Amino acid sequence: MKKTISVLVENHAGVLSRIAGLFSRRGFNIDSLAVGVTDDKTVSRMTIVAECDDYLAEQMEKQLNKLIDVIKVRGANSDELISREMMLIKVTATNSLRGEITDIVKIMGAKIVDISKNTLTIEMCDSPDRVDLLEDLMRPYKIKEVVRTGTIAIQKGGESAF
């Protein structure tokens, strides 16, 4: 099952490398990693998604807590989080197919951000499952290029993750 771990870290050079090195040394595989500064410019938040069981997630959290640059670590199940991922996808779009593609884009809640003679570029920001679905729906239209961010997540409800 996919586990999401949020990590508050000091915002300076080398922190990402140390955390990636930890995962590599321990044989943990990262499915998604997103890093961004928080409201405090000296602190960054990492959102790490990995396919693992509860035991392995607990081991990851313990190992992360040992790193000097780590301020706080919190694991959460997907039902406790609001998760989003962004995708830009460029598909082949002849005049005869533009209408079909546009209809799918509207139904999925995405938007067209660039049009050329032979392509459409689509932007979508939604849950990772919905982003996967749009990508699958676009496969018959010959995908030329796909770019996806890592998953970001925030605790549901009034409480903060930290």
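The values are calculated or read from the model by the stated rules, or taken from the named source; none is laboratory data. Everything numeric here is computed off the predicted structure, so don't read it as measured data. Note: ideal-geometry Cβ built from the backbone for every residue, glycine included; neighbour counts use all protein chains shown. With ligands, DNA and RNA removed, areas are computed over all heavy atoms of the protein, side chains included. Shrake-Rupley method; radii C 1.70, N 1.55, O 1.52, S 1.80 Å.
With a sphere of radius 14 Å drawn around the Cβ of residue 8, what net charge do the other residues whose Cβ falls strictly inside it have (Lys, Arg +1; Asp, Glu -1)?
On the way: positive: 41, 45, 72, 74; negative: 10, 39, 40, 61, 69.
Net charge around residue 8: -1.
Specify the inter-centroid distance of the range 1-76 and the range 96-162, based on alpha-carbon positions, in whole Å.
Using only Cα atoms to place each centre, the spacing works out to 26 Å.
Whole-Hz Karplus ³J(HN,Hα) for the range 75-88, in order, using 6.51 cos²θ - 1.76 cosθ + 1.60 and θ = phi - 60°, x for Gly and Pro?
Going residue by residue, I get x, 8, 7, 4, 6, 9, 10, 9, 10, 9, 9, 10, 9, 10 Hz, with x marking Gly and Pro.
Give me the orientation-averaged projected area of the Cα convex hull of the range 107-162, in nm², one decimal.
5.3
Near residue 25, within a Cβ-to-Cβ distance under 15 Å, what is the net charge of the other residues, with Lys and Arg +1 and Asp and Glu -1? Write down the numbers at each step before the final one.
Details: positive: 18, 26, 62, 66; negative: none.
Result for the local shell: +4.
Excluding residues fewer than 8 places away in the same chain, name every one of the lysines whose C-alpha is closer than 26 Å to that of residue 90.
Qualifying lysines at Cα under 26 Å: 106, 111, 117, 142, 144.
Which net charge results for the neighbourhood of residue 92, defined as the other residues with beta-carbon distances under 14 angstrom from its beta-carbon, given Lys and Arg at +1 and Asp and Glu at -1?
Values: positive: 90, 98, 117, 139, 142, 144; negative: 100, 114, 145.
So the surrounding residues net to +3.
So which GluC sites (Glu not before Pro) in the range 111-157 pass both tests, a DSSP loop state and at most 11 other Cβ atoms within 10 Å of the Cβ?
Details: sites: 123, 135, 145; in loops: none.
Hits after loop and neighbour filter: nothing returned.
Can you tell me the accessible area per residue over the range 44-87, all protein chains present, probe 1.4 angstrom, in square angstrom?
Values: 2330 Å² over 44 residues.
For the range 44-87, the solvent-accessible area averages 53 Å² per residue.
Given (i) 11.2; (ii) 12.0; (iii) 8.0 as candidate values of mean projected area of the Cα convex hull in nm², which corresponds to the one derived from the coordinates?
Here the calculated entry is (i).
What does the C-alpha gyration tensor say about the overall shape of the range 1-45? Classify as rounded when a/c is under 1.5, otherwise prolate if a/b is larger than b/c, or oblate.
Oblate.
For the range 1-60, which trypsin sites (Lys or Arg not before Pro) are in a loop by DSSP, counting at most 15 other Cβ atoms within 10 Å? Could you put the intermediate results ahead of the total?
Working: sites: 2, 3, 18, 25, 26, 41, 45; in loops: 41.
Here the sparse-neighbourhood loop sites are 41.
Below 23 Å, Cα to Cα, which lysines can residue 156 reach? Residues fewer than 8 away in the same chain don't count.
2, 3, 72
With a 1.4 Å probe and every protein chain kept in, tell me what percent of the accessible surface of the chain is carbon plus sulfur. Could the numbers behind the result be given before it?
Numbers: 4880 of 9450 Å².
It is 52 percent, rounded to a whole number.
What is the calculated FRET efficiency for residue 41 to residue 65, with r their C-beta to C-beta distance and R₀ = 25 Å, to the nearest 0.05? Please list the in-between numbers first.
On the way: r = 23 Å, r/R0 = 0.93.
FRET efficiency, residue 41 to residue 65: 0.60.
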